[in-house]
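K.L.:
Quick one: the structure is below, questions incoming.
The values are calculated or read from the model by the stated rules, or taken from the named source; none is laboratory data. Being a predicted model, the structure only gives us computed values, none of them experimental. Neighbour counts are summed over all protein chains in view; Cβ atoms, including those assigned to glycine, are modelled from backbone coordinates with ideal geometry.
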Amino acid sequence: EPEVTQTPSHQVTQMGQEVILRCVPISNHLYFYWYRQILGQKVEFLVSFYNNEISEKSEIFDDQFSVERPDGSNFTLKIRSTKLEDSAMYFCASLAGANTGELFFGEGSRLTVL
Amino acid sequence: QKEVEQNSGPLSVPEGAIASLNCTYSDRVSQSFFWYRQYSGKSPELIMSIYSNGDKEDGRFTAQLNKASQYVSLLIRDSQPSDSATYLCAVKAGNQFYFGTGTSLTVIP
């Protein structure tokens, strides 16, 4: 069964360092998303991406964050200068098309900022 | 900002009982509704989707939608210990998904 894959599964970094989280969405899916979940809290929307550009972003997605689709398969989230409060699980998700409903999540990347 | 509200629980039911999970949403434009199950430390897993008013059954799970009341629920029949997880209600509006805070369910053997 097709799946969304994410790497790394866990990353530990020092405050102020740059982090890149990688995702390979399901092939032929058109919409891509990044969500964040701080331990014990709700799943929070960060950004959505369609047709090689950001379609919507939340207030959380400030200038420290960026997304790219450098090739036909990878979808990356970059955090330029990590803060302690960036520690969370980051989920990538993909959606086949506008008229489909099922959002498929990857297994997540746990980011720990020290 | 679309709001999706869930009772955070925790909800405890004995094995074999019916677990009832509730969700309300604030936006009448929302058209698609989903229930995800999330085990601790894992990603959300879709278990039910519902698009029209009424009931939708899939095995031990039944989703109920009432758009007039902006209410969606999930019933789990014959609850099993493996059903112990956090259940997330999600609402789709356009191409965006909005999640509730989740209800923690514990099924006691």
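K.L.:
Could you give every pair whose Cβ atoms fall below 7 Å, whose first residue belongs to the range B:61-85 and is closer than 17 Å to B:VAL13 by Cα and in contact (Cβ under 8 Å) with a residue 60 or more places away in the chain, and whose second residue is of a type outside the set (A, V, I, L, M, F, W, C) and assigned to a loop (DSSP other than H, G, I, E, B), counting only separations of at least 6 or pairs across chains?
P.N.:
B:ASP78/B:GLY16; B:ASP78/B:ARG60; B:SER79/B:GLU15; B:SER79/B:GLY16; B:GLN80/B:GLU15; B:PRO81/B:GLU15; B:PRO81/B:PRO109
K.L.:
I've got another one for you. Name the residues in the range B:25-39 that are of a type outside the set (Phe, Trp, Tyr) and at pLDDT 95 or above, would you? Break it down stepwise before answering.
P.N.:
In the first step, residues of the range B:25-39 are kept if they are of a type outside the set (Phe, Trp, Tyr); the result is B:26-32, B:37-38.
Within the range B:25-39, B:ARG37, B:GLN38 qualify.
K.L.:
Further, regarding this structure: Tell me, which residue of the range A:71-97 that is closer than 10 Å to A:ARG36 by Cβ and among the aromatic types (Phe, Trp, Tyr) is surrounded by the most Cβ atoms within 10 Å (Cβ to Cβ)?
P.N.:
A:PHE91
K.L.:
On to the next question. Find all pairs meeting these conditions: Cβ atoms under 6 angstrom apart; at least six residues apart or on different chains; first residue within the range A:82-97 and touching a residue at least 24 places away in the same chain (Cβ under 8 Å); second residue assigned to a strand (DSSP E or B) and of a type in the set (Ser, Thr, Tyr).
P.N.:
Matching pairs, first to second residue: A:THR82/A:THR13; A:SER87/A:THR112; A:TYR90/A:SER109; A:PHE91/A:TYR35; A:ALA93/A:TYR33; A:LEU95/A:TYR31.
K.L.:
Another question, if that's okay. Would you check if B:THR62 is surrounded by 19 or more Cβ atoms within 10 Å (Cβ to Cβ) and either within 11 Å of chain A (Cβ to nearest Cβ) or within 13 Å of the chain's Cα centre (by Cα) (or both)? Lay out the reasoning, then the answer.
P.N.:
Details: surrounded by 19 or more Cβ atoms within 10 Å (Cβ to Cβ): no; either within 11 Å of chain A (Cβ to nearest Cβ) or within 13 Å of the chain's Cα centre (by Cα) (or both): yes.
No: the conditions fail for B:THR62.
K.L.:
If B:LEU46 passes every condition in (1) part of a strand (DSSP E or B); (2) touching a residue at least 24 places away in the same chain (Cβ under 8 Å) but one, which one does it miss?
P.N.:
If we test B:LEU46 against (1) part of a strand (DSSP E or B); (2) touching a residue at least 24 places away in the same chain (Cβ under 8 Å), just (2) comes out false.
K.L.:
Give the number of residues within the range B:30-43 that are closer than 21 Å to B:GLN70 by Cβ, within 11 Å of chain A (Cβ to nearest Cβ) and outside any strand (DSSP E or B). Before the answer, list the steps.
P.N.:
Residues of the range B:30-43 closer than 21 Å to B:GLN70 by Cβ: B:30-36.
In the following step, the residues that additionally are within 11 Å of chain A (Cβ to nearest Cβ) were identified as B:31-34, B:36.
Then drop every residue that is not outside any strand (DSSP E or B), which leaves B:31.
Of the residues in that region, 1 qualify.
K.L.:
In the range A:62-88, how many residues are within 13 Å of chain B (Cβ to nearest Cβ) and either in contact with a Ser or Thr (Cβ under 7 Å, 6 or more places away or on another chain) or assigned to a loop (DSSP other than H, G, I, E, B) (or both)? Even if it seems obvious, please write down each step before you answer.
P.N.:
Let us first name the residues in the range A:62-88 that are within 13 Å of chain B (Cβ to nearest Cβ), namely A:88.
Next, only the ones that are either in contact with a Ser or Thr (Cβ under 7 Å, 6 or more places away or on another chain) or assigned to a loop (DSSP other than H, G, I, E, B) (or both) stay: none.
Residues that pass the stated criteria total 0.
K.L.:
Quick one: would you say A:ASN52 is on the phi > 0 side of the Ramachandran plot and either within 11 Å of the chain's Cα centre (by Cα) or of a type outside the set (Gly, Ala, Ser) (or both)? Explain how you work it out, then say what you get.
P.N.:
Details: on the phi > 0 side of the Ramachandran plot: yes; either within 11 Å of the chain's Cα centre (by Cα) or of a type outside the set (Gly, Ala, Ser) (or both): yes.
Spelling it out, A:ASN52 is indeed on the phi > 0 side of the Ramachandran plot and either within 11 Å of the chain's Cα centre (by Cα) or of a type outside the set (Gly, Ala, Ser) (or both).
K.L.:
Take the residues in the range A:98-114 that are more than 7 Å from chain B (Cβ to nearest Cβ) and out of contact with any Ser or Thr (no Cβ under 9 Å at 6 or more places or on another chain); name whichever of them is surrounded by the fewest Cβ atoms within 10 Å (Cβ to Cβ). Talk me through it step by step, then tell me what you get.
P.N.:
First pass over the range A:98-114, keeping only residues more than 7 Å from chain B (Cβ to nearest Cβ): A:99-100, A:104, A:109-114.
Filter again for out of contact with any Ser or Thr (no Cβ under 9 Å at 6 or more places or on another chain), leaving A:99-100.
Details: A:ASN99: 7, A:THR100: 15.
By that ranking, first place goes to A:ASN99.
K.L.:
Based on this model, can you work out whether B:SER79 counts as of a type in the set (Ser, Thr, Tyr), more than 11 Å from chain A (Cβ to nearest Cβ), surrounded by 16 or more Cβ atoms within 10 Å (Cβ to Cβ) and touching a Cys at 6+ places or on another chain (Cβ under 8 Å)? Can you show your working first?
P.N.:
Details: of a type in the set (Ser, Thr, Tyr): yes; more than 11 Å from chain A (Cβ to nearest Cβ): yes; surrounded by 16 or more Cβ atoms within 10 Å (Cβ to Cβ): yes; touching a Cys at 6+ places or on another chain (Cβ under 8 Å): no.
Considered against the rule, which asks whether it is of a type in the set (Ser, Thr, Tyr), more than 11 Å from chain A (Cβ to nearest Cβ), surrounded by 16 or more Cβ atoms within 10 Å (Cβ to Cβ) and touching a Cys at 6+ places or on another chain (Cβ under 8 Å), B:SER79 comes out as no.
K.L.:
Also, I was wondering about something else. Of all residues in the range A:1-52, how many are closer than 20 Å to B:ASN95 by Cβ, within 14 Å of another protein chain (Cβ to nearest Cβ), part of a loop (DSSP other than H, G, I, E, B) and of a type in the set (Ser, Thr, Tyr)?
P.N.:
Adding up the residues that qualify gives 0.
K.L.:
Still on this structure, I have one more. Identify, from the list A:PRO8, A:PRO25, A:PRO2, the residue that is surrounded by 15 or more Cβ atoms within 10 Å (Cβ to Cβ) and within 28 Å of B:SER40 (Cβ to Cβ).
P.N.:
On the way: A:PRO8 fails: surrounded by 15 or more Cβ atoms within 10 Å (Cβ to Cβ); A:PRO2 fails: surrounded by 15 or more Cβ atoms within 10 Å (Cβ to Cβ).
Unique residue meeting the criteria: A:PRO25.
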